[in-house]
Structures are given as C-alpha cells and as structure tokens.
There are 2 protein chains.
Amino acid sequence: MSEQIFEKGQHCGNENFIGNAFINYLTKDVDLDCKVYDVYFEAGARNNWHIHEGNGQILLCTQGIGYYQEWGKPARRLTKGNAVEIPPNTKHWHGASPDNDFTHIGISPNVSKGKYIWLEPVDEEQYLQATK
Amino acid sequence: MSEQIFEKGQHCGNENFIGNAFINYLTKDVDLDCKVYDVYFEAGARNNWHIHEGNGQILLCTQGIGYYQEWGKPARRLTKGNAVEIPPNTKHWHGASPDNDFTHIGISPNVSKGKYIWLEPVDEEQYLQATK
C-alpha cells in the first residue's frame with residue numbers, strides 16, 4: 001500500500017463488492033446535501049455494476065492503479081491525479097486493477113435527489129477483459 | 001513543496017487573496033451542480049474573509065500545514081487527512097501557515113443555490129494571532 005491521505009475505514013462488505021474494499025466517511029458534522037468519503041480497494045477488488053440515479057458521482061484518484069467503466073464502453077485506467085465525473089443514471093463500476101491496490105475519494109452531490117441502484121457483479125470475464 | 005496529487009492550477013489573483021495561491025478545477029465535463037477544485041497556497045498565502053451563502057463548502061487537506069478560521073473563533077490548524085465542513089452563511093477564511101505551504105481539495109455543493117460573498121482581507125495582525 002502506498003502512502004494514504006485518509007485513514008482506512010470500514011469494510012464495505014461483499015453484498016455489492018467483490019474482494020476487500022474499505023470506506024471512510026469524511027463528512028459527518030454538517031448537512032450540506034453532499035457526501036464525501038475515501039475508498040480503498042485491495043488489488044482485484046471492485047464494486048458491482050451500479051447506477052447513481054438522479055445525482056451522479058465524482059471520483060478523485062489519489063493512489064495506486066484502478067479502473068472506471070461505463071456499460072458498453074472500454075474501461076478507463078486511473079492513477080493518482082485523475083478525476084472522474086459520472087453522469088446520473090449511468091451504469092458503471094470502479095475498483096482496483098488486478099495487481100495493484102487503488103484509492104479514490106468519492107463525492108456524491110445532491111444526496112437528497114440521488115439513489116444508489118445496485119446491479120450484478122462485475123464477473124471475472126468482464127473484469128479481466130476490462131483491465132487487460 | 002511536498003508531493004502533490006493534482007497539477008498546480010492558475011494563480012488566484014490578489015483581489016480576494018493575500019500572497020500566492022493557485023486553483024486547478026477538477027470538474028469540467030458533466031454538470032453535477034457541484035464544483036471540485038484543488039487549491040495550493042504558498043506559505044503565508046490565504047483568502048480574504050468570505051461567506052458561501054446558501055450552500056457551504058467542504059475542504060480535504062492533502063499536504064502541508066494550513067488554517068481554517070470562523071469569525072469570532074480560534075483558528076483550526078490543518079494537516080494532511082483533515083476534512084473541514086463549512087456551514088452555509090458562515091464568515092471564514094483558509095490558507096497556509098506562515099512557514100509552510102498547504103494544499104486542500106475544495107468542494108462546493110449545490111452550486112446553483114450558492115454565492116461567494118467576498119469580504120475584507122485577513123490582515124497581518126489577525127493572521128499572526130490566528131496562526132501563532
């Protein structure tokens with residue numbers, strides 16, 4: 001694990017993730033209708049396909065090597081300093097590369113207008129195809 | 001300057017800042033009603049007193065030593081890994097310490113509901129008192 005900015009948070013569980021990912025919520029005190037969190041993925045870990053209905057999401061990559069993929073498109077390789085703007089209502093996944101861990105800050109704007117829709121896992125074939 | 005995550009952006013000018021600060025806008029492609037940016041302050045640099053009317057702001061500190069102060073309160077010293085949640089309609093300033101540079105990510109939620117109200121500079125006496 002390279003140098004992290006934020007402390008490692010709670011395990012994300014495996015209902016909506018494959019492998020081990022950890023989330024640290026950074027907004028706790030003031031309701032600004034915006035949630036900010038740091039997510040650390042071990043190598044090979046990724047979330048299931050999902051949709052941010054109504055609000056979208058922003059990712060800021062701070063460490064390691066990861067991927068972001070929208071349904072039907074090639075995956076985008078991510079490293080430190082990349083930002084990803086995810087439109088509302090767009091089926092996608094994100095996570096680490098097979099051989100390197102990965103950390104991103106996640107920002108969920110307009111939480112009151114948004115809803116997570118969790119879908120099927122990114123299976124081994126999809127994952128290896130996306131990250132090869 | 002310690003290791004940075006994002007590239008150094010454009011000079012912020014000196015209408016609303018004392019010293020040299022630089023801003024790199026990270027959200028460019030999708031309108032999520034949320035702006036995200038990286039701000040680098042040279043040692044001694046700080047913004048003027050200001051208010052985020054209607055929406056507030058979130059700061060994520062990634063490098064160096066800085067300060068955040070709300071009007072009438074002691075300043076809070078900031079280092080890597082600190083998050084600051086700034087309520088709407090709260091007079092405050094942020095910036096570097098006198099002897100160390102400082103970098104934070106800034107997040108402006110609900111941009112459509114928000115307005116920057118720029119006020120007077122943080123004069124030398126206020127700044128030295130806050131950061132001593």
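Looking at (1) over 12 Å from the mean Cα position of the chain (by Cα); (2) open to solvent by 10 Å² or more (accessible area, probe 1.4 Å); (3) in contact (Cβ under 8 Å) with a residue 24 or more places away in the chain; (4) closer than 29 Å to B:Glu3 by Cα, can you tell me which one B:Pro109 breaks?
(2)
Can you name every residue in the range B:90-99 that is more than 11 Å from the chain's Cα centre (by Cα) and within 14 Å of another protein chain (Cβ to nearest Cβ)? I'd like the intermediate steps shown before the answer.
Here is the first cut: in the range B:90-99, the ones more than 11 Å from the chain's Cα centre (by Cα) are B:90-91, B:97-99.
Passing the criteria: only B:Thr90.
Identify, please: which residue in the range B:30-89 is assigned to a loop (DSSP other than H, G, I, E, B), among the hydrophobic types (A, V, I, L, M, F, W, C) and away from chain A (no Cβ under 14 Å) and is, among those, farthest from A:Pro109 (Cα to Cα)?
The qualifying residue farthest from A:Pro109 (Cα to Cα) is B:Ala43.
Of the residues A:Lys28, A:Lys73, only one is surrounded by fewer than 19 Cβ atoms within 10 Å (Cβ to Cβ) and farther than 18 Å from A:Ala130 by Cα; which?
Working: A:Lys73 fails: farther than 18 Å from A:Ala130 by Cα.
Testing whether each residue is surrounded by fewer than 19 Cβ atoms within 10 Å (Cβ to Cβ) and farther than 18 Å from A:Ala130 by Cα leaves just A:Lys28.
Could you tell me how many of the residues in the range A:6-22 are open to solvent by 30 Å² or more (accessible area, probe 1.4 Å) and within 14 Å of another protein chain (Cβ to nearest Cβ)?
Residues in the range A:6-22 being open to solvent by 30 Å² or more (accessible area, probe 1.4 Å) and within 14 Å of another protein chain (Cβ to nearest Cβ): 2 in total.
Quick test of your reading of the structure: A:Lys115 fulfils all but one of (1) under 20 Å from A:Thr27 (Cβ atoms); (2) touching a Phe, Trp or Tyr at 6+ places or on another chain (Cβ under 9 Å); (3) of a type in the set (D, E, K, R); (4) more than 14 Å from chain B (Cβ to nearest Cβ). Name the failing condition by number.
The failed condition is (2).
Among the residues of the range A:86-106, write down those that are within 17 Å of B:Ile5 (Cα to Cα) and in contact with a Leu (Cβ under 8 Å, 6 or more places away or on another chain).
Within the range A:86-106, A:Phe102, A:His104, A:Ile105, A:Gly106 meet the criteria.
Return the residues of the range B:53-70 that are closer than 12 Å to B:Ile117 by Cα and surrounded by fewer than 22 Cβ atoms within 10 Å (Cβ to Cβ); say none if nothing qualifies.
B:Glu53, B:Gly54, listed by residue number.
Of the residues that sit in the range B:36-52 and are among the charged types (D, E, K, R) and surrounded by 20 or more Cβ atoms within 10 Å (Cβ to Cβ), which one is nearest to B:Val122 (Cα to Cα)?
Filtering the range B:36-52 for residues that are among the charged types (D, E, K, R) and surrounded by 20 or more Cβ atoms within 10 Å (Cβ to Cβ), the one nearest to B:Val122 (Cα to Cα) comes out as B:Arg46.
Listed here are the residues, each with its yes/no results for (1) touching a residue at least 60 places away in the same chain (Cβ under 8 Å); (2) of a type in the set (A, V, I, L, M, F, W, C).
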| position | (1), (2) |
| --- | --- |
| B:Gly56 | no, no |
| B:Glu70 | no, no |
| B:Lys80 | no, no |
| B:Ala83 | no, yes |
| B:Ile105 | yes, yes |
| B:Gly114 | yes, no |
| B:Asp123 | no, no |
| B:Gln126 | no, no |
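The values are calculated or read from the model by the stated rules, or taken from the named source; none is laboratory data. Note that the structure is predicted; figures quoted are calculated from it, not measured. Heads up, the Cβs are rebuilt from the backbone with ideal geometry, glycines too, and the neighbour counts pull from every protein chain shown. Accessible surface is based on the protein model in full, side chains and every heavy atom, while ligands, DNA and RNA are left aside. Shrake-Rupley method; radii C 1.70, N 1.55, O 1.52, S 1.80 Å.
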